[in-house]
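Student: Please find one structure pasted underneath; my questions will follow.
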Amino acid sequence: IGHIRCTVKTKSRVWTKVYRDYAEKYNFSLDAYFCVMDWVRCSVVVRTSKELQSLYTLICSEKYFGGKILRVKNGLASTAEAEFGYRVLMINAVYRNVIVEIQCMLLPFMK
């Protein structure tokens, strides 16, 4: 359906995420700061699971990110923990030496 551009994550939001998700695991060291991988992000919305599968295949292909996929979080899986009901497939990749996150969303989950 389309692409939704997001702003760069603010430092205060990053620190909130660090303390909530990583600080205890890393004994509150600054290393936890580097666990946040979604400073630069965007969302792509599709209508069907088939379109989502095609999008995933395209993003993971050599053509766009040269196969430099760092992490995939499947928030659509039945075993996924959905924070506030938020369901999305998140792909972290390297683009021009910057880690980016592509959030792939299904339209039915947005309503």
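Student: Got a number for residues in the range 39-64 being open to solvent by 50 Å² or more (accessible area, probe 1.4 Å), over 22 Å from Thr7 (Cα atoms) and touching a strand residue (DSSP E or B) at 6+ places or on another chain (Cβ under 6 Å)?
Tutor: Number satisfying all stated conditions: 0.
Student: Lys9 is checked against (1) modelled with pLDDT of 75 or more; (2) open to solvent by 30 Å² or more (accessible area, probe 1.4 Å); (3) under 13 Å from Glu101 (Cβ atoms) and fails just one. What number does that condition carry?
Tutor: (2)
Student: Of all residues in the range 18-52 being more than 19 Å from the chain's Cα centre (by Cα) and part of a helix (DSSP H, G or I), which is nearest to Ile102 (Cα to Cα)?
Tutor: Lys50
Student: Can you spot a residue in the range 84-91 that is open to solvent by 60 Å² or more (accessible area, probe 1.4 Å) and either in a loop (DSSP other than H, G, I, E, B) or modelled with pLDDT of 85 or more (or both)?
Tutor: Scanning the range 84-91 turns up at least one residue that is open to solvent by 60 Å² or more (accessible area, probe 1.4 Å) and either in a loop (DSSP other than H, G, I, E, B) or modelled with pLDDT of 85 or more (or both).
Student: For Val36, work out the one condition from (1) aliphatic (A, V, I, L, M); (2) open to solvent by 20 Å² or more (accessible area, probe 1.4 Å); (3) at pLDDT below 90 it doesn't fulfil.
Tutor: With respect to (1) aliphatic (A, V, I, L, M); (2) open to solvent by 20 Å² or more (accessible area, probe 1.4 Å); (3) at pLDDT below 90, Val36 is out only on (2).
Student: Restricting to the range 92-111, name every residue that is within 19 Å of Ser78 (Cα to Cα) and in a loop (DSSP other than H, G, I, E, B).
Tutor: Let us first name the residues in the range 92-111 that are within 19 Å of Ser78 (Cα to Cα), namely 103-111.
If the condition is that a residue be within 19 Å of Ser78 (Cα to Cα) and in a loop (DSSP other than H, G, I, E, B), then Lys111 is the only one that fits.
The values are calculated or read from the model by the stated rules, or taken from the named source; none is laboratory data. Treat the numbers as computed from the prediction; the structure is a model and nothing was measured. Neighbour counts are summed over all protein chains in view; Cβ atoms, including those assigned to glycine, are modelled from backbone coordinates with ideal geometry. Accessible surface is based on the protein model in full, side chains and every heavy atom, while ligands, DNA and RNA are left aside. Shrake-Rupley method; radii C 1.70, N 1.55, O 1.52, S 1.80 Å.
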